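These notes concern the structure reproduced below.
The values are calculated or read from the model by the stated rules, or taken from the named source; none is laboratory data. Nothing here was measured: the structure is a model prediction, and the numbers come from that model. Glycine gets a Cβ as well: all are built from the backbone with ideal geometry, and neighbour counts include every protein chain shown.
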């Protein structure tokens, strides 16, 4: 049975491209979004981005050793969950990483099911409440319950629609290309003429937008899509006039 936890933006700091691809596939299939860094210095910089919610960190990295990356993360983001994933099967390395602030320590090779279970355990910690809710104007999602609302109206979303909405809401006001959305939500790297993103954007608009009001998801011709909160002067329709939610989309 597939276990879904909080949908998070996970940073993978790893210099082996095969492991990066393996983690990206597994994490995306579990509903997460993924960024990666192939050296320690880049990883330390990207980890300071407040949108990053969990780091999977190798210790043997070019540029900056993983232990030093961990120290930099803890200096600026002491509550950011960090899972060390390394081939260093030495007790001293494990003790040093845990004492340095790592939340967990796993050895390579590894089973993805175990990694996913450990991530789930990290997201259950009571000291991570900031990762459970997203809000954009009167649009709200509960990441733990996989539920969404527009004002007081619940929105029925398929798993893929929910993942797409979360990705858009994590980047408010930012123009996201179809390729970016495909990579983050579907992890597809294929013919850019595919219209799967456009199809799911239509699904979301039908469910999220209010009749007669501008869409929360703007089409930026030739560039992609942008999600922005509704202007406050748009009146909310009465519950009786709210459209019934269409059925879940494909996927």
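Things worth noting here:
- Looking across region 105-144, just one residue is more than 18 Å from the chain's Cα centre (by Cα), under 27 Å from residue 14 (Cα atoms) and at pLDDT below 75, and that is 127.
- Subset of region 25-41 [part of a helix (DSSP H, G or I) and crowded, with 20+ Cβ neighbours inside 10 Å]: 27, 40
- Residue pairs meeting the criteria (Cβ under 7 Å; at least 6 apart or on separate chains; first within 13 Å of residue 163 (Cα to Cα), in region 196-209; second outside any helix (DSSP H, G or I)): 200/249; 201/217; 201/225; 203/249; 204/217
- Residues of region 54-71 that are surrounded by fewer than 23 Cβ atoms within 10 Å (Cβ to Cβ) and assigned to a helix (DSSP H, G or I): 67, 68, 71.
Yes or no, residue by residue, for (1) under 19 Å from residue 12 (Cβ atoms); (2) touching a helix residue (DSSP H, G or I) at 6+ places or on another chain (Cβ under 6 Å):
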position: 58; (1), (2): yes, yes
position: 64; (1), (2): yes, yes
position: 68; (1), (2): yes, no
position: 75; (1), (2): no, no
position: 78; (1), (2): no, no
position: 83; (1), (2): yes, no
position: 91; (1), (2): no, no
position: 95; (1), (2): no, no
position: 99; (1), (2): no, no
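- Failed item in (1) buried (at least 16 other Cβ atoms within 10 Å of the Cβ); (2) in the same structural domain as residue 170 (by TED's automatic domain parsing); (3) touching a strand residue (DSSP E or B) at 6+ places or on another chain (Cβ under 7 Å), with residue 153 passing the rest: (3)
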